[in-house]
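A short worksheet on the structure shown next.
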Amino acid sequence: MSARSWASQLQGLPGALRMIALDLPGHGESETAPGASVDDYAAAAADFLIALDCGPVIVVGHSLGGSIAIALAARRPALVRGLVLIASCVKLPLVDSVGERLVAYLPGPVRRLVFFSMAKKVLFASEGPADAITITMRELRACRPETMLADVRAARAMDLTAHAATLDVPTLVLTGSHDRLIPPALAERLSALIRRSRLRVVDGAGHMLPLEAAGRVNREIVMFVESLAAALPRSAAIDAGERLFARLFDWLAGFARRLRGSSPQP
């Protein structure tokens, strides 16, 4: 999908945060790039942040975007202050689907029709909001077929287990309790791999959390950002206190040495 899939965050959080949504290569208004792996997308995001020169940021990724965020944080930690990983995982389970193999032999137009007829059932909970479904289906239909195929291949090939295990960055993991594409168990495994992560489950929501449960997602993002901001003054105070204690200790040690030096010898 494209940056437009973040409409509920761009419109719902304009006063709370400075947000930038980007079209990855081949998506939305961006031109297609030669590579289309998770690492390739992460490199493109890194180039984007470097060009903006906006310092360490909180990177929010949904679905495959969350996996790209993990790769970005692992490879370019100086660019990332925190992560919000929504309906994401480090590795997809291997599934040998007879139905999927049969669909591959269908003519292109028929295959596309089957895909879109199944997308709503897979991506949303049974009571998904109509506007969220409309935006999602419009975005999927606008996606270039070659981009969609490249993203599916990238998702199947990825294994970010080692990357996630090495991360040392505050992370929020969000998952929908009714997500059929990335079940909650995969989100739990992701959260367990990242040392400084917290897991939040959105009851009754499916895979399209940013649109399907926009209000809850927005609140979770704001609370996460505020928790990072609140930690900064305390950390700075601790550092200042440690420096003051060190100076006081040095002064007392020097004073004690001077006293010993001035004491009369027996």
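The values are calculated or read from the model by the stated rules, or taken from the named source; none is laboratory data. Not measured: the values here are computed from a predicted model. With ideal geometry, Cβ positions are generated from the backbone for all residues, glycine too; neighbour counts draw on all protein chains shown.
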**OP:** Hey, can you tell me all the residues within segment 43-65 that are assigned to a helix (DSSP H, G or I) and touching a residue at least 60 places away in the same chain (Cβ under 8 Å)?
**Re:** 64
Subject >> Whichever residue in segment 91-118 is surrounded by 12 or more Cβ atoms within 10 Å (Cβ to Cβ) and closer than 30 Å to residue 194 by Cβ and, among such residues, is modelled with the highest pLDDT >> reply: 91
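Using the structure shown, decide if residue 178 is in a loop (DSSP other than H, G, I, E, B), under 16 Å from the mean Cα position of the chain (by Cα) and not charged (D, E, K, R).
Numbers: in a loop (DSSP other than H, G, I, E, B): yes; under 16 Å from the mean Cα position of the chain (by Cα): no; not charged (D, E, K, R): yes.
For residue 178, the condition - in a loop (DSSP other than H, G, I, E, B), under 16 Å from the mean Cα position of the chain (by Cα) and not charged (D, E, K, R) - is not met.
For residue 152, state whether it is surrounded by fewer than 16 Cβ atoms within 10 Å (Cβ to Cβ) and of a type in the set (Val, Ile, Thr).
Working: surrounded by fewer than 16 Cβ atoms within 10 Å (Cβ to Cβ): yes; of a type in the set (Val, Ile, Thr): yes.
Against the criterion (surrounded by fewer than 16 Cβ atoms within 10 Å (Cβ to Cβ) and of a type in the set (Val, Ile, Thr)), residue 152 qualifies.
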Original post:
Looking at 88, 37, which one is modelled with pLDDT under 95 and either surrounded by 12 or more Cβ atoms within 10 Å (Cβ to Cβ) or under 20 Å from residue 142 (Cα atoms) (or both)?
Top reply: 37
**OP:** Look through segment 119-160, keep the residues that are at pLDDT 85 or above and small (Gly, Ala, Ser), and return whichever of them is nearest to residue 26 (Cα to Cα).
**Re:** 150
Subject >> Odd one out for residue 40, checked against (1) of a type in the set (D, E, K, R); (2) touching a Pro at 6+ places or on another chain (Cβ under 8 Å); (3) part of a loop (DSSP other than H, G, I, E, B) >> reply: (3)
Original post:
What is the residue count in segment 189-216 for residues that are touching a residue at least 12 places away in the same chain (Cβ under 8 Å) and farther than 19 Å from residue 7 by Cβ?
Top reply: 14
Original post:
Residues of segment 66-84 being small (Gly, Ala, Ser) and more than 23 Å from residue 151 (Cα to Cα), which ones?
Top reply: 78, 82
Subject >> Where residue 84 falls short, out of the listed (1) touching a residue at least 40 places away in the same chain (Cβ under 8 Å); (2) farther than 24 Å from residue 177 by Cβ >> reply: (2)
